[in-house]
Structures are given as structure tokens and as C-alpha cells.
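*Asks:* Below is one structure. I have some questions about it.
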Amino acid sequence: MSTEIPEGKETAVKLADSDFATDLREHDLRSALTDYWGRLRAGELGALPAALGLVSLVVLFTALKPDTFLSNTNIANLFTQALPISLLAMGLVFVLLLGEIDLAAGVTSGVTAAVMAKLLTDAGYAWPVAVISAIAAGIVIGAVIGWLVAVVRIPSFVVTLAFFLGLQGIILWLIGEGGTVAVRDDVIVALANRNMPIWLGWTLAVVCSAGYVGMQLLRWRRQRTGGLHSRPLQFVLLQSGAIAAALLVGTAVLSVDRAPSPIAVVAGVPWGVLLVGVLLIVCTFVLTRTPFGRHVYAVGGNPEAARRAGINVTRIRISVFMIGSGLAALSGIVAASRLMSVNTAAGGGDTLLYAVGAAVIGGTSLFGGRGKARDAILGGLVIAMIKNGLGLIGTSAYLTFLITGLVLLFAASIDALARRRRSNTGR
């Protein structure tokens, strides 16, 4: 039996499927923009300050050094300079999410790099054994720090300051005063000094771009199908498309030959960028898609409420210090790869300050409970860009420290003001 829709009702149905649907979509977009603006005013800044900072720095240094700053060679150097800082900052994000601090992270990277170098050079072990041993050493250091903080209840500032001093003595004991251990293993050196084949870089870029866009669209569809709150499709396409475009453009720039001489060919994405990308995906998945990640945010937001909810707060505290020190070990390995050596100053000086600055500048709160793994990448690029750009224009060393310190102070001030704003608005 068939039913016919009267002409008037059929017209109404068509209007409902066209004009009303269009108005609804426009209303959704307007509502999303209004909601985003409201969250900004309430102190939910996210990664916006870091993104604006990156754009501003690119514009500034391009205007000051138009022939150098955006050259293929300098962009490759910029990524390589950001690798150790970003890895160290990624580990610190986990610690900062609990409102704790790890002042020993930089020196931990130096100790673990020294362990790797001694095993490679003096003991003659293969690189997998040396790397695994270095990471294991970092995890053990983090476990001891975490135990002292979570079980003995010594403030993390005091514990990590003590380790900051003590681990420098371990480096001197391993290497010797004024000594240097060369790193000549081809695999280790390749991390920061060699590039992937161009075809592999493009393959990974296309697969990652398509995968990211597909995952975002699939997530949006599931939310709409399940009747859950979701962002407008335009927002999803814009965000995922921008990230995919940035990834493809970066690959295109790095795939151009940047060798100063026509005799050699230097092109491709550095292997270290792949390492950071893989760790970014893993850390993001852990923080956003696992019970452990949700527990980290819960403990960072309100430890007592998390404890009453049945979360093992002690285990969470110990584990974040272990993760932080493990990633510090990887940072030390990449730094050793870049310099092709390890000396007694490894991980010291301004290493820790730059890493903490990178995490905070990227958007991670010093007060705990807010931050993402991507903050380390954005902040690491900001720090590396400041050092790189100021070096290109010939700025004195003291001005570099002053400017970097002011940027960090500005980022911390924004974090404090945003926290106060969130508190006033009840968020």
C-alpha cells in the first residue's frame, strides 16, 4: 500500500530538509564559535597562546632575516634543535599534570646518555642493549624520585633538587672530570644527523594525514549517531585539514635538497622527527584514551577527590615520575646523537629550564590538571625558534637568556591569570 504526500506537505518536507537544515547547521556553527569565545574568556586558553606565539615569531624573524630564516636548511636545523627539548618537555607534562615538578629531569637525561655512551664505547655493547639500559636507568631514577615523593611525602621540589645535585656527581664519576665520551654508532648518530628516504617521508606523511582526518570524521559521526554533543562538521574539517596540510607542507619543505654543494644530496625528514611523532601519538593516546590518563587528570585536578573515588594516588604519582624520567633518557640519547658525544655538562645548564618553559609555553598548567602531550611540541618549537632566530640576527648571549626568560615569565603569567579566571567563573 502506497501513501502519497499532499503537495503542500511535500513542500514543507523539502523546506525542512533544506532551509531549516541549513539554518540549523549555521546555528550550530555560530553556537560553536560563541562557546569557544566563552571558554577563552573563562580562561580555557588551551594551545592558543603557543600557536599565536609561533606565528608571531615566524613573521618577526622572516622580516628580520628573509633570506635565511625560512630556508630549507634552517627549517631542518630548527626541527633538529627542538628534538631534545620537546622530548624532555613531553615527560615533564606528565609530572606537571599532577602539580609536581622534576628539577632533575635535565640531569637525568645527561646520566642516561652517559650510561649509553659508556656501554657503546667502553663495553662494546650493541646499540639496542645500550639504549634499553639507558632508558631503564632513567625509569629507575624516576621510580626512586616518585617513591620519595608519594610514599615518604617529601616535596618534589626538595627531592628533585637533591637528585639534580647528586646526579651531576654520577656523570662526573662515569665520564671523569672534564672528559668526553664519543658516540660513533651509526644508528644512534642517525637519529639527529640523518634523514629518512624521501619516499618514506612522503608515505608516512600521507598515511598520517589521511588517518588523522579519517579518525576525526569517524569520531564526529559516532558522536552525532549517538546523540552526543559534537563540534560542527566545518570545525572538524578545518582543524583536521589544517593539521594535515601543515604535515604535508613540512614534508615537502624537508624533501627539497638543502646541501650547500651540488656534489652531495641532503634531503628528507630527520629520523628524530619520526621518533618524536611516534611518542606524541603514544602519549596522547595514553592521556586521552586510557583509564591511566583519566586518573592522571583526576589526581592533578583534585587528589583527595581522586582518592575517595578509588584511584590509587600513590601509584599514579610514582608512575608519572617514571614516565618523565624515561622520556628524559630518550631526550639525552637524542642530544648525544646530535652532538655525537657526551660530556660532563650533559643535561645541565639551561636544559631543564628550556624544557619546563616549553611545557608551560605550550599550554600545560603549573598548577596541575591541565595539559596535553602536544604542548611539549608547540613549546619546544617556540623555544627552539627563539634561540634559532636570535642566533641568526646575531643577538648577544645575555639577550638570548633575557628574552627567553621573559617569554617563560609571560607564559606563566598567562597560566596564573587563566587559572584565576577559571576559578572566578566556576570552571
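The values are calculated or read from the model by the stated rules, or taken from the named source; none is laboratory data. If you're wondering where the values come from, they're calculated on a predicted model, not measured in any experiment. Methodologically, a virtual Cβ is constructed for each residue, glycine included, from the backbone with ideal geometry; neighbour enumeration extends over all protein chains shown. For the accessible areas, the whole protein counts, side chains as well, though only heavy atoms, and no ligand, DNA or RNA atoms are used. Shrake-Rupley method; radii C 1.70, N 1.55, O 1.52, S 1.80 Å.
*Asks:* Mind checking the angle between helix 48-64 and the chain's longest principal axis? C-alpha axes, 0 to 90 degrees, to the nearest 10.
*Replies:* Helix 48-64 sits roughly 70 degrees off the main axis of the chain.
*Asks:* What is the pair-distance distribution P(r) of the range 96-155, computed from all Cα-Cα distances in 10 Å bins starting at 0, with each bin given as a whole percent?
*Replies:* 22, 42, 23, 12, 0
*Asks:* Moving on to the next point. For the range 289-427, state the average projected area of the convex hull of the C-alpha atoms over all orientations, rounded to one decimal in nm².
*Replies:* Convex hull of Cα atoms, orientation-averaged projection: 10.6 nm².
*Asks:* Out of every Cα-Cα pair in the range 184-340, what percent are more than 20 Å apart?
*Replies:* In whole percent, the share of Cα-Cα pairs in the range 184-340 beyond 20 Å is 66.
*Asks:* Tell me, what ³J(HN,Hα) does each residue in the range 213-224 have, in order and in whole Hz, if you take phi through Karplus 6.51 cos²θ - 1.76 cosθ + 1.60 with θ = phi - 60° and put x for Gly and Pro?
*Replies:* Computed from phi, the couplings for the range 213-224 are 4, x, 5, 5, 5, 5, 5, 4, 5, 5, 5, 5 Hz.
*Asks:* Taking a temperature of 25 °C and a viscosity of 0.890 mPa s, what whole-number D in µm²/s does Stokes-Einstein yield for the range 291-353 with Rh from Kirkwood over alpha carbon pairs?
*Replies:* Estimated diffusion coefficient is 177 µm²/s.
*Asks:* Let me ask something additional. Sort the following peptides by mean Cβ neighbour count (other Cβ atoms within 10 Å, averaged over residues), highest first: 237-246, 96-105, 224-233, 190-199.
*Replies:* Ranking the peptides 237-246, 96-105, 224-233, 190-199 by packing returns 96-105, 190-199, 237-246, 224-233.
*Asks:* Something else about it: Multiply the residue gap between Val144 and Leu52 by 0.36 nm, knock off their C-alpha separation, and tell me the result in nm, one decimal place.
*Replies:* The Val144-Leu52 span can extend by a further 29.3 nm.
*Asks:* Hey, another quick one. When the Karplus curve 6.51 cos²θ - 1.76 cosθ + 1.60 is applied with θ = phi - 60°, which whole-Hz ³J(HN,Hα) does each residue of the range 359-365 get, with x for Gly and Pro?
*Replies:* Result, ordered by residue: 5, 6, 4, x, x, 6, 7 Hz.
*Asks:* For the range 312-409, what % of the accessible area comes from carbon and sulfur atoms, probe 1.4 Å?
*Replies:* Roughly 68 percent, rounded to a whole number.
*Asks:* While we're here: Highest mean first, what order results for 182-189, 293-300 on Cβ atoms within 10 Å?
*Replies:* So the peptides 182-189, 293-300, ranked by packing, come out 293-300, 182-189.
*Asks:* Pairs of Cα atoms under 8 Å, at least six residues apart: use those to get the relative contact order of the range 194-245, whole percent.
*Replies:* Over the range 194-245, the number comes to 43 percent.
*Asks:* In nanometres, what is the gap between the two model label sites at Leu238 and Ala259, each 7 Å from Cα along Cα-to-Cβ?
*Replies:* 4.4
*Asks:* Using only Cα atoms, tell me the angle between helix 374-392 and the longest principal axis of the chain; keep it within 0 to 90° and round to the nearest 10.
*Replies:* With both axes taken from Cα atoms, the answer is about 60 degrees.
*Asks:* Another question, then. Give the share of C-alpha pairs in each 20 angstrom bin for the chain, from 0 to the last occupied bin, in whole percents, shortest bins first.
*Replies:* 23, 54, 19, 4, 1
*Asks:* A further question follows. Please report, in Å, the Rg and the Dmax of the range 42-124, where both are computed over Cα atoms only.
*Replies:* 18.1, 57
*Asks:* Per residue, how large is the accessible surface of the range 307-346? Use a 1.4 angstrom probe and give square angstrom.
*Replies:* 40
*Asks:* Here's a follow-up. For the range 76-233, what does the equivalent ellipsoid look like in terms of its semi-axes, each the square root of 5 times an eigenvalue of the Cα gyration tensor, given largest first in whole Å?
*Replies:* That gives 37, 27, 13 Å for the three semi-axes.
*Asks:* While we're on this one: Along the principal axes of its C-alpha atoms, what lengths does the range 163-250 span, in descending order and rounded to whole Å?
*Replies:* 64, 37, 17
*Asks:* Now for a separate question. Given contacts defined as C-alpha pairs under 8 Å and at least six residues apart, what's the relative contact order of the range 120-243, whole-number percent?
*Replies:* The normalised contact order for the range 120-243 reaches 20 percent.
*Asks:* Now, a different point. How far is helix 21-41 tilted off the main Cα axis of the chain, in degrees rounded to 10, range 0 to 90?
*Replies:* 40
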